[in-house]
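Presented below is the structure to which this report refers.
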Amino acid sequence: MRGNDDTNVTNGNDVELIDREVVHDGFFRLDRYRLRHRQFAGGLGPVLTREVLERGKVAAVLPVDPVRDRVVLIEQFRPGAWGADWDPWLLECVAGVIEPGETPEDLSRREALEEAGCVITDLVPIAAFLTSPGATTETVRLFCGRVDSEGVGGLHGLAEEGEDIRVSVVSVDEAVALLDKGKIVNAKTIIALQWIARHYASLKARWSPKDRDE
């Protein structure tokens with residue numbers, strides 16, 4: 001079994017890139033690859049033509065208030081869900097595309113303020129993963145962020161980006177119950193809440209009031 005480190009560098013002997021063509025460059029970019037890759041039985045396989053959505057690097061954060069035992073979730077319209085005949089208004093954690101020169105941690109703090117009106121005071125890594133590696137380059141760095149949820153809520157988002165975001169604050173137990181009932185269908189949020197369900201006690205101890213004041 002071949003694993004990947006955080007750099008996700010492919011050995012040049014494993015994949016032969018024949019050509020790459022940009023077939024669409026709009027809100028998202030779509031690339032068409034012609035390539036061959038090494039097969040498990042040995043040697044290179046046949047030439048494959050594959051379209052790949054160039055999405056890039058994303059960071060996401062689930063804001064959590066360990067003092068009030070609350071989780072901050074956002075709700076917004078998602079055209080992909082609408083196109084798939086799902087309810088397009090999804091409950092999610094905060095997320096965004098990492099800009100050049102920006103770290104995943106910087107993005108998490110910026111988007112939490114823009115999308116939810118939350119100030120992140122500490123970040124704990126949850127996971128790094130590919131969202132749909134058969135179709136897109138999107139990679140995600142997922143965090144849990146400590147916040148003070150007092151006064152958080154209402155409508156947020158950047159008007160110039162067409163964002164229309166409703167912010168809700170729910171208990172940790174209620175958030176996990178929404179997950180168990182199938183009300184959370186966004187993959188990043190599912191992973192984050194599954195992590196919270198397993199690790200909230202230790203997270204709360206780490207973010208104790210004493211630690212918060214230091």
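Of note:
- Neighbour cut-off at most 14 other Cβ (10 Å), DSSP loop, chymotrypsin sites (Phe, Trp or Tyr not before Pro), region 74-138: W86
- Placing a label point 7 Å from the Cα of A187 along the Cα-to-Cβ direction, the residues of region 19-37 whose backbone N falls under 20 Å from that point are 28-33.
- Sites V67 and D164, calculated FRET efficiency, Cβ-Cβ separation with R0 30 Å, nearest 0.05: 0.50
- Per residue value of the accessible surface for the chain (all protein chains in place, 1.4 Å probe), Å²: 60 Å²
- Inter-label distance for R34 and T121, nm, one decimal - labels placed 7 Å from Cα along Cα-to-Cβ: 5.8 nm
- Within the accessible area of the chain (1.4 Å probe), percent carbon and sulfur: 51 percent
- Dividing the C-alpha radius of gyration of region 23-168 by 2.2 N^0.38 Å, with N its residue count, gives 1.25.
- Packing-based ranking, highest mean first, of 95-104, 65-74 given that Cβ atoms within 10 Å are counted: 65-74, 95-104
- Given their separation in residues at 0.36 nm each and the Cα-Cα distance between them, D173 and A128 gain 13.7 nm when the chain is fully extended.
The values are calculated or read from the model by the stated rules, or taken from the named source; none is laboratory data. Given the structure is predicted, the values throughout are model-derived calculations rather than measurements. Reconstructed Cβ throughout: ideal geometry from the backbone, glycine too, with neighbour counts over all protein chains shown. In case anyone asks, the SASA skips ligands and DNA or RNA and just uses the protein heavy atoms, side chains included. Shrake-Rupley method; radii C 1.70, N 1.55, O 1.52, S 1.80 Å.
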